[in-house]
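The values are calculated or read from the model by the stated rules, or taken from the named source; none is laboratory data. Remember, it's a predicted structure, so these values are computed and weren't measured experimentally. Every residue, glycine among them, receives a Cβ derived from its backbone with ideal geometry; neighbour counts consider all protein chains shown. Side chains included, ligands, DNA and RNA excluded: accessible areas come from the protein's heavy atoms. Shrake-Rupley method; radii C 1.70, N 1.55, O 1.52, S 1.80 Å.
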Amino acid sequence: SPVPEDALPGTVVALLNVNDPDSGENGEVGCELTGEAPLSLLPSSGGSYKVVTASALDREQASEHRVTVVARDRGTPPLWSRAALVLEVSDVNDN
């Protein structure tokens, strides 16, 4: 669903659930966002993460933002996976 450009910083735009059935460090997973976007990734409970707006959105400057979510375990060598996330910004009459 598109997020309106007047959404306040801290607005949750996606929820992610990450799990790894391995035991020990091989089952401990961390996530990060890569890419240029006004978004942040916040850990939640039980392997969940929230993607939130980190600053104001401006549809006239960018109608969408693309980032990659990278999940990496703590094993040796670390295994990882990635997924693309696209945030569409909807227009609000700001005149």
Legend entry - Among residues of segment 41-63, those that are closer than 14 Å to ALA7 by Cα, within 14 Å of the chain's Cα centre (by Cα) and of a type outside the set (Val, Ile, Thr), counted: 2
Legend entry - Filter result for ARG82 (open to solvent by 40 Å² or more (accessible area, probe 1.4 Å) and assigned to a loop (DSSP other than H, G, I, E, B)): no
Inset, instruction - Go through segment 49-61 and count every residue that is touching a residue at least 40 places away in the same chain (Cβ under 8 Å) and surrounded by 19 or more Cβ atoms within 10 Å (Cβ to Cβ). - result: 2
Legend entry - Lone unmet requirement of (1) within 21 Å of ASP6 (Cβ to Cβ); (2) not in a loop (DSSP other than H, G, I, E, B); (3) not acidic (Asp, Glu) for THR68: (1)
Legend entry - Scan of segment 1-50 for residues that are within 16 Å of PRO78 (Cβ to Cβ), of a type in the set (S, T, N, Q), assigned to a strand (DSSP E or B) and touching a Gly at 6+ places or on another chain (Cβ under 8 Å), ordered by number: none
Inset, instruction - Could you grab me the full set of residues in segment 62-75 that are open to solvent by 70 Å² or more (accessible area, probe 1.4 Å) and touching a residue at least 40 places away in the same chain (Cβ under 8 Å)? - result: ARG72, ARG74
